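The structure appears right after this line, and notes come after that.
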Amino acid sequence: MFYGAVVWDPWLILAQIVCFQCLYYVTLGFFLAILVGTRVSRMTLVYFFDFVTVTTSTFTGWCVIASFILTSISGAVYMLYVIERAKKCLDFSVTLYIVHSFICIVYGGWPSSITWWIVNGIGIAMMALLGEYLCIRRELREIPITRYRSNA
């Protein structure tokens, strides 16, 4: 994509938010299935949205925490392809986690676990910082210029 004059396109922003949120939950489901699904008899939405499962007192809780952290790292990579701009990474990370927090509040009530808040804070920071780093690296690459010579 070429970046010229800044044009505010709300439909593009909304599509990026929806795409990014869907990729986040698909990836979270993948990691939860691998790390937690092998330890529990039945996978439910509780592991996605209930703050009670994010705990350091059980090994399954640590697997849930690892799933959220790995998903944050994957989200930073998704930013490279969906968002594409370093200056937008923090905005999209915070938006993703605000939507996730709202869903969690509707599903399981206000998160009273300090562990849940710490894991989500680390997730926001990792996703935003790593996403910005990857996008800056892409933005600072040299533009290849090929010169065509005629053989005449």
Residue that is nearest to the chain's Cα centre (by Cα) [pool: residues in the stretch 74-97 that are under 15 Å from G121 (Cβ atoms) and crowded, with 17+ Cβ neighbours inside 10 Å]: G75
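Evaluate the following for T60: is it hydroxyl-bearing (S, T, Y), assigned to a helix (DSSP H, G or I) and within 12 Å of the chain's Cα centre (by Cα)?
no
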Unique residue being in contact (Cβ under 8 Å) with a residue 12 or more places away in the chain and among the aromatic types (F, W, Y) when the list is F59, F30: F59
Matching residues, the stretch 38-47, being within 21 Å of H100 (Cα to Cα) and either acidic (D, E) or touching a residue at least 24 places away in the same chain (Cβ under 8 Å) (or both): L45, V46
Residue check, L130 closer than 22 Å to V26 by Cβ, loosely packed, with under 13 Cβ neighbours inside 10 Å, of a type outside the set (G, A, S) and in contact (Cβ under 8 Å) with a residue 40 or more places away in the chain: no
Some residue of the stretch 134-151 being within 16 Å of the chain's Cα centre (by Cα), of a type outside the set (F, W, Y) and closer than 24 Å to A66 by Cβ: yes
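When you look at M43, is it under 25 Å from L12 (Cβ atoms) and either modelled with pLDDT under 95 or under 11 Å from the mean Cα position of the chain (by Cα) (or both), yes or no?
no
The values are calculated or read from the model by the stated rules, or taken from the named source; none is laboratory data. Only a predicted model underlies this, so the values are computations on that prediction, with no experimental measurement involved. Positions of Cβ are generated from backbone atoms using ideal geometry, with glycine treated the same way; all protein chains shown enter the neighbour counts.
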